[in-house]
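First up is the structure itself, then whatever we jot down about it.
The values are calculated or read from the model by the stated rules, or taken from the named source; none is laboratory data. Note that the structure is a prediction, hence the values are computed from the model and not measured. We place every Cβ from the backbone using ideal geometry, glycine too, and count neighbours over all the protein chains shown. Just so you know, the surface numbers come from the protein's heavy atoms only, side chains and all, with ligands and any DNA or RNA stripped out. Shrake-Rupley method; radii C 1.70, N 1.55, O 1.52, S 1.80 Å.
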Amino acid sequence: VQLQAFGGGLVQAGGSLRLSCAASERPFTNYVVGWFRQAPGKEREFVAAISGIGMRTNYADSVKGRFYISRDSAKITAYLQMNSLKSDDTAVYFCAATYSGTLYVRSGNYQYWGQGTLVTVSS
């Protein structure tokens, strides 16, 4: 499966942004989708993951209560709604997929990656 992430941009602190991750094939429900991010000079870190039909989710502690992951099976697209953004959220965001039922938090467990989309939060 090929993934395309988009929706990044410049937003003020406290604002919101929604990222999208479009897949290239059906059924996309066979894949767990994860979002990761990488800030300048830092390692890539887990943000959120969602199960194939969206019944289970997992979030990094740093984004719990602010970010929400979802997916639309008909549109074979996953989303990351980001609210109450902080300057620390500035990073390139990547979506990834794994042919599995496990909500992995390690990037090495994901086989398919989108190209990344830049989110810049100004303070």
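Those residues that are under 18 Å from A22 (Cα atoms), assigned to a loop (DSSP other than H, G, I, E, B) and touching a residue at least 40 places away in the same chain (Cβ under 8 Å), I need them from the range 33-55; list them, please.
S51, G52
Would you be able to tell me the number of residues in the range 56-73 that are modelled with pLDDT of 95 or more and assigned to a loop (DSSP other than H, G, I, E, B)?
Count: 8.
Quick test of your reading of the structure: C95 fulfils all but one of (1) in a strand (DSSP E or B); (2) loosely packed, with under 13 Cβ neighbours inside 10 Å; (3) not aliphatic (A, V, I, L, M). Name the failing condition by number.
In the conditions (1) in a strand (DSSP E or B); (2) loosely packed, with under 13 Cβ neighbours inside 10 Å; (3) not aliphatic (A, V, I, L, M), C95 misses (2) alone.
Can you tell me how many residues within the range 23-45 are under 28 Å from V121 (Cα atoms), touching a strand residue (DSSP E or B) at 6+ places or on another chain (Cβ under 9 Å) and open to solvent by 30 Å² or more (accessible area, probe 1.4 Å)?
5
Are any of the residues in the range 1-24 among the aliphatic types (A, V, I, L, M), in a loop (DSSP other than H, G, I, E, B) and either within 13 Å of the chain's Cα centre (by Cα) or closer than 21 Å to T98 by Cβ (or both)?
Within the range 1-24, one or more residues are among the aliphatic types (A, V, I, L, M), in a loop (DSSP other than H, G, I, E, B) and either within 13 Å of the chain's Cα centre (by Cα) or closer than 21 Å to T98 by Cβ (or both).
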